[in-house]
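FYI, it's all coordinate maths here, none of it is from the lab. Everything numeric in this text was worked out from a predicted model, so none of it was measured. Positions of Cβ are backbone-derived with ideal geometry, glycine not excepted, and every protein chain shown enters the neighbour counts.
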Amino acid sequence: MKPKADGNSEIAVAGENGAILARLDLDRARRCGAPEAVFALRKTPAETAAIVKALVARQGHALVTRADAETIAMLKKAWKKIAIAPHAGAALVGTPPKKRKSAGWTAIAAAGTSDLPVVEETAITLDALGLESRVFTDIGIAGIHRLFNRLEELAAASVVIVVAGMEGALPSVVAGLVAAPVVAVPTSVGYGASFGGVAALLGMLNTCAPGVAVVNIDNGFGAAVAAARMLAVRE
């Protein structure tokens, strides 16, 4: 799908000094199925707010990820319609899109409570895409009976996103038990030899369960967008 030829697919946002701060891709949702989000890391609260304001004015909502407490506070002050994922440092500003019921729903399975920041980023991204999700927390393989107790529910999902740190084994187990596509998200949770999530990443890439898609460490946003593309094919 080609970008639009007119001049409405891109807008420039100026910073406080008048210099161009960002060039927003307004055609991305039509072209790729997901609108542009605001990655707030290393942006000032004012810079993030300026970009959010431009996006909300044109598409009704904007997703912000990796925002610090100061940025979240500024966004809450500026907009009444806002949903916050506090552990993730993420926010959905404005009116979220209506749920796409025909797409089915996505299960987010978390190995442990320590994975909650990534789970929250995944869930709020799915909300921003108009997709229904259900979260299943603390069902890691250290107490594998907890996974089996929720297996029937997980098997009913259209896509399963599995979030895990430590050795990252949970996606392999889930992918060997359900028919839905599995998107694996390694997290940076673990002791020294986990190497900040590298051990989990390598474990997921080396899974013996075929068909597992793996995203980068702590990348709940990327996992949600991957699931959205899978669900778009289903629709």
Please determine whether any residue of the stretch 209-226 is surrounded by fewer than 19 Cβ atoms within 10 Å (Cβ to Cβ), in contact (Cβ under 8 Å) with a residue 24 or more places away in the chain and in contact with an Asp or Glu (Cβ under 7 Å, 6 or more places away or on another chain).
no
How about the stretch 154-182: which of its residues are within 22 Å of Ser114 (Cβ to Cβ) and either β-branched (Val, Ile, Thr) or in contact with a Lys or Arg (Cβ under 8 Å, 6 or more places away or on another chain) (or both)?
Val160, Ile161, Val162, Val163, Val173, Val174, Val182
Among (1) assigned to a loop (DSSP other than H, G, I, E, B); (2) in contact with a strand residue (DSSP E or B) (Cβ under 8 Å, 6 or more places away or on another chain); (3) on the phi < 0 side of the Ramachandran plot, Asp138 falls short only on (3)
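Let's see how each residue does on (1) within 20 Å of Ala209 (Cβ to Cβ); (2) in contact with a Ser or Thr (Cβ under 6 Å, 6 or more places away or on another chain):
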site	(1), (2)
Ala111	yes, no
Ile124	no, no
Ala155	yes, no
Val159	yes, yes
Ala164	yes, no
Val173	yes, no
